[in-house]
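Student: Please see the structure below; I have some questions.
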Amino acid sequence: MNELIKKINDLSQNFEVYAVGGFSRDILLKRRYNDIDLAVNKDVLNYSKKIAYALKSKLIALDDVNKTYRIILKNNIFANIDISPFHGKTIEEDLQNRDFTFNAVAFSLKKIENFKKHIILINKNILKDLKSKTINTVSAEAFKADPLRMLRAFRFAAELSFKLSPKTLRQTKQNAKLISKASPEIIKNEFFRTLSAKNGARFIKEMDKCGLLSEIFTEIKKMKKICKKHYYHPGGLFQHSFETMESAESILNNLKKYFPENYVDIQQHFGDNNVFSENITRSGLLKFTALFHDNAKPETAKFEKGKLHFFEHEEIGAEKIRKIMFSLRFSKKDIEFVMLLIRHHMRPSTLTKNNIVTKKAALKFFRDIGGNTPDLLILSMSDWRSYKKLKIFSQKTLKFQEKSVRELLKYYYELKKSTPIPKIIDGNIIMKRFNLRPGPLIGKLLNFVLEAQQEGNISNREDALKMIFFELKHIK
């Protein structure tokens, strides 16, 4: 760090360069930092090129309008150097234009060794906010100037373990509708950084109280209106959905408690390397799915014989989430994952409802869901746990469902770690013997054979061909 700063200072003789934003904040908080944020008084592009060239690093433009640039460092110690011009004539004016008080701190990079003696503050409350870990806006116009700052407030709170002041929450409520002016992709990124935090659900709840969540996802408004008189939870469908998300977060944070035999495997499944796209983690997507798993219940609600039903809400919900996620610029992989979980979220309950899960049924379930089996089973457990506080549901039933999920996951990992079953037949042999053309039927027949092998019913090619012969007669 000292060598890097010295090198930058040596190249900054004719410039005023200040440590700002997250960089100065994290130094004051004694937190580890990855990015270095600098503000320069003039000629930002040429200055940035000069630094990038000296450090033999790549320079990209982050924002051409505001002339903000990023130097992507080649070493693994720091991620980037972000360089921007003063937003104002002086560094003091620049700080006045920033979002939150804890980011409105600066000191000259040339005085970094004694930075505490040279801190530039625009008001006396900034150090107080830092010490109390409180998020306050710099000005009453902060959210009007940039509505995305509302989401950043929650993201900072979640990532830094800060709290939002009553003033900040009040300002969010007053300006929530302005969030529609922000870029959908950046909304998604900021929302998911909040959601993916270990305590993300708490801040999503505060976001909802301010009206911000409903402005981002209009489906939330419909979920809040549905079935308050007839749905199990006093707060209706939205309460159930939110508590499912809270349950998913609790399970992910306490895997050893819920899955004592397989928690290491599940930790690896949800590990830091399991990232779908920028800022989108597997655990974050699971929590997102939990929040929207019943999103189609408002339009599928139907009374029959005095009972409320939601026929086909899984399939309709999967299609609805596709449109929601597409509008927020999610990747194809992200969308397909969430759609699969919503489409099949009732299957674990159906599988275990008779208190017996046969080997054949479990194998078919694993084959259909594949590598997303842990996600779907945890979603199902989260769904059931949202009913835990309701007296109308038997605690015995809920405990059985959780036990069934644990047993299914245990069996899933046993199969995953076992020696692969030797292949006794392939598609070419099936097509040649039964005069069939390539198509989905061949895949179904191969799965049929694999299932019989896993159950121990066959062990050679001839037995497999006999089974296929009778299966084809049945199909015809």
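Student: Provide a single number: the residues in segment 74-105 that are of a type in the set (A, V, I, L, M, F, W, C), under 32 Å from the mean Cα position of the chain (by Cα) and crowded, with 20+ Cβ neighbours inside 10 Å.
Tutor: Applying the first criterion (of a type in the set (A, V, I, L, M, F, W, C)) to segment 74-105 yields 77-79, 81, 83, 86, 91, 95, 100, 102, 104-105.
Then drop every residue that is not under 32 Å from the mean Cα position of the chain (by Cα), which leaves 77-79, 81, 83, 95, 100, 102, 104-105.
Still in the running and crowded, with 20+ Cβ neighbours inside 10 Å: 81, 83, 95, 100, 102, 104-105.
Residues flagged as of a type in the set (A, V, I, L, M, F, W, C), under 32 Å from the mean Cα position of the chain (by Cα) and crowded, with 20+ Cβ neighbours inside 10 Å within segment 74-105 amount to 7.
Student: While we're here: What's the number of the condition Lys128 fails, among (1) at pLDDT below 85; (2) of a type in the set (Lys, Arg); (3) within 21 Å of Gln171 (Cβ to Cβ)?
Tutor: Just one mismatch for Lys128, condition (1).
Student: If you don't mind, another one. Identify the residue in segment 378-409 that is of a type in the set (Lys, Arg) and surrounded by 14 or more Cβ atoms within 10 Å (Cβ to Cβ) and, among all such residues, is farthest from Lys257 (Cα to Cα).
Tutor: Narrowing segment 378-409 to residues of a type in the set (Lys, Arg): 385, 388-389, 391, 396, 399, 403, 406.
Among the residues that remain, those that are also surrounded by 14 or more Cβ atoms within 10 Å (Cβ to Cβ) are: 385, 406.
Numbers: Arg385: 14, Arg406: 11 Å.
Going through the qualifying residues, I end up with Arg385.
Student: Considering every residue within segment 429-438, establish whether at least one is closer than 19 Å to Phe365 by Cβ and touching a residue at least 12 places away in the same chain (Cβ under 8 Å). Lay out the reasoning, then the answer.
Tutor: Of all residues in segment 429-438, those closer than 19 Å to Phe365 by Cβ come to none.
No, segment 429-438 contains no residue that is closer than 19 Å to Phe365 by Cβ and touching a residue at least 12 places away in the same chain (Cβ under 8 Å).
Student: Just for helices (runs of 4 or more DSSP H) wholly inside segment 1-105: which have at least 3 residues that are closer than 22 Å to Leu127 by Cβ, modelled with pLDDT of 90 or more and not polar (S, T, N, Q)?
Tutor: On the way: elements: 2-10, 21-29, 44-54, 91-96.
Passing ranges, in order: 91-96.
Student: It is to be established whether one or more residues within segment 164-184 are in a loop (DSSP other than H, G, I, E, B), outside the structural domain of His293 (by TED's automatic domain parsing) and at pLDDT 95 or above.
Tutor: Narrowing segment 164-184 to residues in a loop (DSSP other than H, G, I, E, B): 165, 182-183.
Filter once more, so that each one left must be outside the structural domain of His293 (by TED's automatic domain parsing): 165, 182-183.
When the remaining residues are screened for being at pLDDT 95 or above, the result is 165.
The answer is yes, given that some residue of segment 164-184 is in a loop (DSSP other than H, G, I, E, B), outside the structural domain of His293 (by TED's automatic domain parsing) and at pLDDT 95 or above.
Student: Can you spot a residue in segment 403-421 that is over 23 Å from Asp265 (Cβ atoms) and acidic (Asp, Glu)?
Tutor: At the first step, the residues of segment 403-421 found to be over 23 Å from Asp265 (Cβ atoms) are none.
Taking every residue of segment 403-421 in turn, none turns out to be over 23 Å from Asp265 (Cβ atoms) and acidic (Asp, Glu).
Student: Here's a follow-up. Which of the helices (runs of 4 or more DSSP H) found entirely inside segment 393-456 contain at least 2 residues meeting this: in contact with a Leu (Cβ under 6 Å, 6 or more places away or on another chain), of a type in the set (S, T, N, Q) and assigned by TED's automatic domain parsing to the domain that holds Pro260? Don't jump to the end; show me each part of the working.
Tutor: On the way: elements: 395-417, 427-434, 440-454.
By residue number, no helices (runs of 4 or more DSSP H) qualify.
Okay, residues lined up against (1) assigned to a strand (DSSP E or B); (2) surrounded by 15 or more Cβ atoms within 10 Å (Cβ to Cβ); (3) among the polar types (S, T, N, Q); (4) without any contact (Cβ under 8 Å) to a residue 12 or more places away in the chain:
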position	(1), (2), (3), (4)
Glu113	no, no, no, yes
Lys116	no, no, no, yes
Asn123	no, no, yes, no
Lys131	no, no, no, yes
Ala140	no, no, no, no
Ala153	no, yes, no, no
Ala158	no, yes, no, no
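Student: Check every one of the helices (runs of 4 or more DSSP H) wholly within segment 248-364 and list those with 2 or more residues that are crowded, with 20+ Cβ neighbours inside 10 Å, in contact (Cβ under 8 Å) with a residue 12 or more places away in the chain and polar (S, T, N, Q). Working first, answer last.
Tutor: Values: elements: 255-258, 263-269, 282-292, 297-300, 313-327, 332-343, 347-352.
Qualifying helices (runs of 4 or more DSSP H): 282-292.
The values are calculated or read from the model by the stated rules, or taken from the named source; none is laboratory data. Source: prediction; values computed, not measured. Note that we place each Cβ from the backbone using ideal geometry, even for glycine, and neighbour counts take in every protein chain shown.
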